[in-house]
Amino acid sequence: MPLARAVTFDGVNSDRMAEMQREMDGSDRPEDVPASEIVVLHDPEADKSLVILFFETEDDYQRGDEALNAMPTSDTPGRRTSVTKYQVAFRMSSP
């Protein structure tokens, strides 16, 4: 069963989100983060962000979790407030 790593951040303003988007545009995903998909949500009114990474296997999740936990705080959107591991029970996308 696929797994998701959901991470919440506080102190994420619109300028920081735009800066991160510029940094990520055109760059490859880090090799040590084997996520199949990354979704970044931002609430500019509350200066909060939610990042969800999807992993196909437990091994991929562990590898990505270790790499992300070792990241310098300057590489994150803001101040990390929580990290939660979920099983992906259901997923739907439009064709």
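Give the residue, chosen from Phe90, Phe55, that is without any contact (Cβ under 8 Å) to a residue 60 or more places away in the chain and exposed (fewer than 11 other Cβ atoms within 10 Å of the Cβ).
Values: Phe55 fails: exposed (fewer than 11 other Cβ atoms within 10 Å of the Cβ).
Being without any contact (Cβ under 8 Å) to a residue 60 or more places away in the chain and exposed (fewer than 11 other Cβ atoms within 10 Å of the Cβ) holds for just one of Phe90, Phe55, which is Phe90.
Which residue pairs have Cβ atoms under 9 Å apart, sit 6 or more places apart or on different chains, and have a first residue in region 21-43 that is farther than 13 Å from Arg5 by Cα and a second that is acidic (Asp, Glu)?
Glu23/Asp75; Asp32/Glu66
Would you mind stating whether Ser27 is closer than 17 Å to Phe9 by Cβ, open to solvent by 40 Å² or more (accessible area, probe 1.4 Å) and of a type in the set (S, T, N, Q)? Please lay out each step first, then the result.
Numbers: closer than 17 Å to Phe9 by Cβ: no; open to solvent by 40 Å² or more (accessible area, probe 1.4 Å): yes; of a type in the set (S, T, N, Q): yes.
No, not satisfied.
Anything in region 58-87 that is part of a helix (DSSP H, G or I), open to solvent by less than 100 Å² (accessible area, probe 1.4 Å) and of a type outside the set (Ser, Thr, Tyr)? List them, or say none.
First, pick out the residues of region 58-87 that are part of a helix (DSSP H, G or I): 58-69, 73-75.
From what is left, the residues that are open to solvent by less than 100 Å² (accessible area, probe 1.4 Å) are 58, 60-62, 64-65, 67-69, 74-75.
Selection gives Glu58, Asp60, Gln62, Gly64, Asp65, Ala67, Leu68, Asn69, Asp75.
At pLDDT 90 or above, more than 28 Å from Gln87 (Cβ to Cβ) and touching a Pro at 6+ places or on another chain (Cβ under 7 Å): which single residue out of Arg16, Arg63 fits that description?
Numbers: Arg63 fails: more than 28 Å from Gln87 (Cβ to Cβ).
None of the other options fit; the residue is Arg16.
Please go through region 26-56 and pick out each residue that is of a type in the set (A, V, I, L, M) and in a strand (DSSP E or B).
Taking region 26-56 and keeping what is of a type in the set (A, V, I, L, M), we get 33, 35, 38-41, 46, 50-53.
Hits for region 26-56 are Ile38, Val39, Val40, Leu41, Leu50, Val51, Ile52, Leu53.
The values are calculated or read from the model by the stated rules, or taken from the named source; none is laboratory data. Note that the coordinates shown come from a computational prediction; the quantities given were computed from them, not determined experimentally. A quick note on method: Cβ atoms are made from the backbone with ideal geometry, for glycine too, and the neighbour counts reach across all protein chains shown. In case anyone asks, the SASA skips ligands and DNA or RNA and just uses the protein heavy atoms, side chains included. Shrake-Rupley method; radii C 1.70, N 1.55, O 1.52, S 1.80 Å.
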